Every structure is written in structure tokens, then in C-alpha cells.
1. Can you give the helix-only mean residue ellipticity at 222 nm for the chain, where every DSSP H stretch with n ≥ 4 adds -39500 (n - 2.57) and the sum goes over all residues, rounded to the nearest 500 deg cm²/dmol?
2. Stokes-Einstein at 37 °C, 0.692 mPa s, Kirkwood radius from Cα pairs: D for the stretch 304-396 in µm² s⁻¹?
3. With equal scatterers on the alpha carbons only and no solvent term, can you work out the Debye log10 of I(q)/I(0) for the stretch 520-604 at 0.14 1/Å?
4. Between 528, 247, 354, whose Cα lies farthest towards the positive end of the dipole of the chain when Lys and Arg beta carbons carry +1 and Asp and Glu beta carbons carry -1, centred on the Cα centre?
5. Given the pairs 469/552; 483/560; 294/533, which span a C-alpha to C-alpha distance of over 27 angstrom in this model?
6. May I ask you to compute the full-extension gain from residue 551 to residue 182, defined as 0.36 nm times their residue separation minus their alpha-carbon distance, rounded to one decimal in nm?
7. Rounded, prolate or oblate: which fits the stretch 337-449, taking a ≥ b ≥ c as square roots of the Cα gyration tensor eigenvalues, rounded meaning a/c under 1.5, else prolate when a/b beats b/c?
8. Please report, to one decimal in angstroms, the Kirkwood hydrodynamic radius of the stretch 470-615 built from all distinct Cα-Cα pairs.
Amino acid sequence: MKSLSKSGLFLTFAASCSIAISSLWASASIAQTAPSIRPSGGVSQNAPLQVKPRTPESEEIYLRAGELPEVTMTSSVMFRILASEFSAQRGVFLPAGKTMLDLAREVGDVRLAKRSLEFYLAGGNLAGALDASRVWVRLAPDNAEAASTEMALAAAAGQTSGLATALRKQIDAAQDKKGAIANALSVLSRMPDRREALVILDQAINESTAKNMLAAHLALADVAQGAGDEKRAVAEAKAGLAVSPRSEDAAMRVFEYGLGVDADQAVRDARNFISAHPGARRVRLLLTGYLADKQQFDAALAELASMLKRFPEDFDLMYMQAQVLYRAKRLDQAQAMLEQFVSVQTQRMNANPAGATDAAAALAEAYSLLARIAQDQGRLDDAFKYLSQIEDPAARHPARIRQAFIRLKQNRFDDALAIIDSAGPETDEEYQANVLSAAQVLRDANRIDEAIRRLRVADNKQPDSVEIKYELAMLYERQNKIKDAERLLREIIALDPGHAHAHNALGYSLADRNQRLPEALKLIQRAHEILPKDPFIMDSLGWVKFRMGDRKAAIEYLTKAYAIRPEADIGAHLGEVYWVQGDREQALKYFKEASSKDPKNPTLIETLKRLGVKI
């Protein structure tokens, strides 16, 4: 039997169902064949795009019906193809796309038009991509992919006039109307205005011969949900269910979209469908996930137990029961259920050829959860042993890293490092995980110089890794190597302008040293725009306001931060603002609270010493 992927807690199944429901709408993309070329310089790819009105392509292209054109591979043609490819390899996509598109027009080869399209898409040049798609349509007028691509790019560019009619004609002409509706979703997914997309799809479907199909109602439900019209989404899902009363896809939408309109009614609708169709596994799991998320654990477990009676060989349900029990903090029961699950999966693995089942992956998930239970119960050595039993290739490396952190928690620093160093990384991501994990172990062991040496080697090896740069910057700051830290933080911001923590760290560093305060404020405000609810960024914002003399704003931000995350650092800052303001009673309150949480906190100790405060 086919087994579910059990990454993370089972109740993320609800989220995965949500993704599955709206996958065509949310993730459709026409750039399926875009080359994996990383820009490394050259022409800017970020210039504003100007989409020109469609112009007729040259009439000088001569085609042979159903065949590629006869093209003589002259030295000129070969040179231009190679020049275009080499430009793209250097990340200079605009001239690469233009050269290839000009050549496609001249020789009438559809492959060159598609390649030009790929280059323009890789460079983010919508205008060029739209031109290339129109040449592609000209060269292959009966190619459905070409027509869909042109419509999608035109929609993305805001050129929606006549789009509803074009989509309706495609749907009416198609033998596979379900596929044609899916294609319409793909086209409309490129539109930035979801409400306009709903209007266009509404017109296209309701004027078509497919308007009463299940697929039509489900498509309208998905687009309505994406446009924020939840009531319309539910109505369309229910209309689809009326057309096809056994449709789990429709029932799932009625439930999921209905939760935002009337949660109690949505649950009743789901239960009614399950009562009529007890074999509706996906609907039942979606309901179970919702119940567990609402901490209705007994109801969730009852649903799973009922399913297990109906599907006794659906072993995944045992694992899901264990996950719900774990979330309900019934750890002993969860462990017992997992041990049964391990026994079943071990038998499956032993009874079948290697790789014939997903038993190894299932065992990895079970041992991982058993280790988590053991850790929660303080049985660290047992947790370590459970992780040692994970042999599934996809889960082995994360398990070794978890083992290292167990040894770190036991203050067995050298053992932790040995485990990390022996966990041979097979990918760049695993290498980065090794480096960052080793740095954390060394930092906790107060072996900062060694951590910095490792991170510098890694930074040279992976110069685009903002994670490695950030960790290295924090250690430089800890050693008071401010210039090195600032350089790295600016490199991170250049690589990732949306990296809130780099903006915050750089701004806080300036504010804490009372330097370049306007720049510090600007950096922290940018971080706050990116992560407006982050308490540490609020703390930084309060601190820079204090440094700039705005104590009222400082107290406002620091109080909000402390309410979300009552950490010793934030308490020390709040106490200092009150102390300087003359409210010694409030100041001492926060100083004492901070000391009770973390008496060895460096910020608190330095603040009390500088202010001459004894608590």
C-alpha cells in the first residue's frame, strides 16, 4: 500500500491538503524549462519593464507544415547561437534573448524562439519574454503550449483585453475540457490582481460549454478563495459537490474554504460527507488535522481509531495517532503506539527487497519522534540511541546533527564536534548545516577563535551563504571586531535586501555604541517593516529611540517587546530607560525580573554596573 510522507507533525496534513487543493492556481508556471543559470554580473536584470503592444511578426518566415524548417548551419548562425548561450552562462540574459529571438525570426525555427523565451524569463524580462512567446505562436500556431504561454505572459503584463474570450474558445474547442480549465488557471495565475482574474475566469467559464462541470466549479472556487471571496468559494465548492456528490475534491474545498466563513457549519458539512462516504480518507484526515489544531484531541483520536477499523492495513494511521498523542502530551501512550508502528514497519522492511517499500523512511520518522519524546522526558541517552537507528539516506544527516546537539546539551563538546565532523555532507545545504552546528557547539564551549576559523573557511567556500556570514558577524561582534562584523552584515544586506536580522543587527550595533544614530534608526526601521512582530527588532527600535532621546517611544517599543518575549536583555533595556527617566521603582522591577530569569546575562550585568545599581 502507498504510504503518506510524514515529515513533521501529522497535523500539517491539513496544510498539505490546502496546498493540493489550490496547486494549479497558486503554483502554475509557464517557465518550466528555464535554464538554471545564475547571474554573475553584466547587464542589470532589474530595470523597469515596458511592455509594448503586440506587433505582427515578419511575413518572411516560411514553414513546412508539421515539420521544423530547413536551416543551413552557416558559420554566422552557429556563431550567434554560441554567442547567445555564452552570454546567458555569464548571466547577461537580455542580449542572449535578443540574439536568439532575432535568429528565430530569420530562420523560422521554433526551438530558437523557445530558447529566447527561456533566457528572457531567467533574466526577469517580461517584455522580452512576451515578444518571444509571440514569435513562438507565429511559428507554431497550433501549439497549445505556445498559445497558453503567450496568454499567461500577456496577463502578467496587464494585457487582459479579450483574454476571457480566448480562454472560453480554448475550453470549448478542447476535447479534454478539464485540462483546458486547468490551463486557464495556469494562465490566470500570472495575474497580480486576483479579483480581476476571478472576473475573467467567471466570464470564460460561464459562457462556455463546460460551465456545469465539476472542474469548472472547483476552478472558480479556488480563484475566488485566492481573491479573498470566501463565500463565493464555498458556494462554488458546494455547487461542484451537487454536480458530483461523491467528489472528495469538492468536499475538501467545502470544508477548508468554509472554515473561514462558518467553522461550525464547515465541520458539520465534513461530518455529513464522511457519514455518507466513510471511505473518504482525505476528507477524514483533513477534519482530524483541524480537530487536533483546535486541541480537540479526543475527537481527533476517535476519528483516527474509526479509520483504522475501516482500513486495518493503513499503518500510517498508527503513526498519526502517535503524533496526536504527542501533541496532547500523552507521551507514554505516544511511545507505545510508536513502538507498535516500528514493529510493523520493521516486518515490512524485512519481508520485501531493499527499496521496495517506504518502510525505511517510515522508521526514520518514528525513531525521530521517539527521540523527541525521550528528550522531553529528560532521557537524553535514550534519545541518542533512537537517532542512531535512523538509516534512511534522506534522514540520516539531520539525525546525526540532532545527536550532536544532544551531546552539546550534556556539555560533551568534543563528542558533539566529533559527530558533526563524521557526518559527511553530500550537499551544500548539509555542509552549511555542519558548519553552523559546529560553530554553535564551539560558541557554547567558549572556543570562539576556533568557531571563527571554521566559519571563515566556510565563508570562502560558500561566499553567497548569508547564514554563514551572519553567524561569523555575530562572533566578530562578540570579540569586539566591529569593523569585520559591520562588513559582513553589509555583505548580507547586499546579497539579501530582505534579511531583517542583518538590518537589525547592524542597526543595533550602531545604536548600542551610540554611533551614526540616524543610519541605525533607518536600518532598524527597515527590519521592522520586514518583521513587524519580531520582539527583538522591537527591542532594537526602542533602544535606538532611547539613544536618540525619545524616551516615550523607547518605553512604548520596549514594553511591547517585553510583553511578547520577556527576555533578560529586553528587561535590562527597559529598566535602564526607566532609571534614566527617574522612575527607580519601575526600573528596579524590570532589573529584578531580568535577574530572576538570567542572573548571568551580560547585558544586565553591564547595565547594573554602569548605572551603579544594586538589586
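Read-outs throughout are calculated quantities, based only on the coordinates presented, and are distinct from any laboratory measurement. On a predicted model such as this, the values are computed, not experimentally measured, just so you know. Don't worry about glycine lacking a Cβ; one is built from the backbone with ideal geometry, like all the others, and counts go over all protein chains shown.
1. Values: 33 runs with 436 residues, N = 615.
It comes out at -22500 deg cm²/dmol, rounded to the nearest 500.
2. Values: Rh = 13.6 Å.
The estimated diffusion coefficient comes to 242 µm²/s.
3. Relative scattering, expressed as log10 I(q)/I(0), comes to -0.42.
4. 528
5. Numbers: 469/552 35 Å; 483/560 31 Å; 294/533 23 Å.
In this structure, 469/552; 483/560 lie more than 27 Å apart at Cα.
6. Values: separation 369, 0.36 × 369 = 132.84 nm, distance 5.70 nm.
Result: 127.1 nm gained on full extension.
7. Details: a/c = 3.45, a/b = 1.67, b/c = 2.06.
Judged from the Cα gyration tensor, the stretch 337-449 comes out oblate (a/c at least 1.5, b/c at or above a/b).
8. Numbers: mean 1/r = 0.0652 Å⁻¹.
For the stretch 470-615, inverting the mean 1/r across all distinct Cα pairs yields 15.3 Å.
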